[in-house]
Amino acid sequence: MRELETEWLGNDGIARITRTSPLRGQADRAVAAGRATRVLPGIVVPTDRADDMSVKIRALHIWDPQVVLVGRVALGLQGITPLDTDSSGLDAIDEVEAFSPTRRLKRDGLVVHRWHVPDHYILDDPVALAVPEMSVLLLAIRGEWEWVCAALEQGLVTPWSCRMARGSMSWRSRQHDIDAALDNICGNAGSASELELARRLRDRPHSGWTTTRPQRTAAAA
């Protein structure tokens, strides 16, 4: 397996195997023996690195250079970590999620949605990422409050910036769901449990809830 191992060494654990690749037979045998894993079509990595999020991210960009990372992985790469986890960075991520203008895919630990992200919603450092507001809106619609609150608490987004970016999700979600997500975000809760409590109270006719987070007023600006 020296040639395949050499390919891995030269590409940080990733080998791209095409139909005409001289390594195709060797890669097939390595996969059959359990020494290698196909994380994506035509992308083979050592089995002991198949769950490494950084390897999956690099493999995804080799498979489709046009992908734009979104969701938890995008926030993790921008330094956000939920407050209730002991992990940090990519160690807090169990799935790589992305948009692609031409491809759609779902595999263990990898999800690609087919959609072209407009350039003004893309950041290019360190890789192509959706702007944090898009990721926060996506996660808020799903109810992943730990990530939403962490992004708010750590100042990566604000309720105002999320509201200005609502158009980034209009292609994917119903307006009612976007409005509900923004109501929760603009409540500016200080924790996931507080945000969930506020959401439940708002659904009732009487609610005396106020956030524990200090509020910025026009007079204080």
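Among the residues of this structure, Ile62 counts as one that is over 30 Å from Glu146 (Cα atoms) and not assigned by TED's automatic domain parsing to the domain that holds Arg2.
Could you list, in sequence order, all residues of the stretch 8-27 that are out of contact with any helix residue (DSSP H, G or I) (no Cβ under 9 Å at 6 or more places or on another chain) and part of a helix (DSSP H, G or I)? If the condition is that a residue be out of contact with any helix residue (DSSP H, G or I) (no Cβ under 9 Å at 6 or more places or on another chain) and part of a helix (DSSP H, G or I), then Leu9, Gly10, Arg24, Gly25 are the ones that fit.
Restrict the check to the stretch 24-33 and report whether at least one residue is surrounded by 14 or more Cβ atoms within 10 Å (Cβ to Cβ), touching an Asp or Glu at 6+ places or on another chain (Cβ under 7 Å) and over 30 Å from Trp115 (Cα atoms). Yes, the stretch 24-33 contains at least one residue that is surrounded by 14 or more Cβ atoms within 10 Å (Cβ to Cβ), touching an Asp or Glu at 6+ places or on another chain (Cβ under 7 Å) and over 30 Å from Trp115 (Cα atoms).
Quick one: Thr18 ticks every box in (1) farther than 22 Å from Pro126 by Cα; (2) crowded, with 21+ Cβ neighbours inside 10 Å bar one, so which box is it? Thr18 satisfies every listed condition except (2). For Val45, the requirement of being assigned to a strand (DSSP E or B), within 30 Å of Leu137 (Cβ to Cβ) and not assigned by TED's automatic domain parsing to the domain that holds Trp147 is not met. Of the residues screened, Val73 is one that is surrounded by 14 or more Cβ atoms within 10 Å (Cβ to Cβ), outside any strand (DSSP E or B) and free of Cβ contacts under 8 Å to residues at least 60 places away in the same chain.
Of Ser207, Ser170, all but one fail to be at pLDDT below 85, over 19 Å from Ala74 (Cα atoms) and either among the β-branched types (Val, Ile, Thr) or in the same structural domain as Gln66 (by TED's automatic domain parsing) (or both); the exception is Ser170.
Cβ separations smaller than 7 Å between residues 6+ apart or across chains give the following pairs from the stretch 15-44 residues that are small (Gly, Ala, Ser) to residues that are in a loop (DSSP other than H, G, I, E, B): Ala15/Leu23; Ala27/Ile17; Ala30/Met1; Gly42/Ile17; Gly42/Thr18.
Filtering the stretch 99-153 to residues that are over 28 Å from Asp84 (Cβ atoms), surrounded by fewer than 20 Cβ atoms within 10 Å (Cβ to Cβ) and of a type in the set (Gly, Ala, Ser) leaves only Ala128. Among the residues of the stretch 160-174, the ones that are surrounded by fewer than 16 Cβ atoms within 10 Å (Cβ to Cβ) and in contact (Cβ under 8 Å) with a residue 12 or more places away in the chain come to 5 in all.
The values are calculated or read from the model by the stated rules, or taken from the named source; none is laboratory data. Here the structure is a predicted model, which means the values were calculated and not measured. Virtual Cβ from ideal backbone geometry, glycine too; neighbours counted across all protein chains shown.
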